[in-house]
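Participant: Dumping the structure here so I can ask a few things about it.
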Amino acid sequence: MMYETMSREDIEVVRDTFSKQANGKAWKNSFGEMAKKTVLRRLCKHIQLDFDSIEQQKAWEDGSDMEFTNNNVENIVNEKSELEKELEENGAIEADFEEVKENGDN
């Protein structure tokens, strides 16, 4: 079993270094929850995942704006996703919406 511990100082360093809104409402009003999230994000970096496709692996890796390696924090440059780039180039696309019923729904 793996576990991760971080001191309050460690969490504050991550907040001050990598958070987009280090002085934002979430950190001020819910420090405990944000601290838990920080520790969990770091712990999740140790999970060994087996992805079905390269796209799934890329989506997982792009889901975080920071990376933890050997307890060292490395900043990942926030790049726009391919979808974001495409939407900026082409604008929003209108599409028909159809609700899909789940099994058991009448």
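Participant: Please give the length that would be gained between residue 22 and residue 44 if that part of the chain were fully extended, namely 0.36 nm times their separation in residues minus their C-alpha to C-alpha distance (nm, one decimal). All intermediate terms of the calculation are to be shown ahead of the outcome.
Facilitator: Numbers: separation 22, 0.36 × 22 = 7.92 nm, distance 2.14 nm.
Gain on extension, residue 22 to residue 44, equals 5.8 nm.
Participant: Across the range 29-34, in residue order, what do the Karplus-derived ³J(HN,Hα) couplings come to in whole Hz, using 6.51 cos²θ - 1.76 cosθ + 1.60 with θ = phi - 60° and x for Gly and Pro?
Facilitator: After applying 6.51 cos²θ - 1.76 cosθ + 1.60, I find 8, 9, 4, x, 5, 5 Hz.
The numbers here are math on the coordinates, done by the rules we state, and not lab data. Given the structure is predicted, the values throughout are model-derived calculations rather than measurements.
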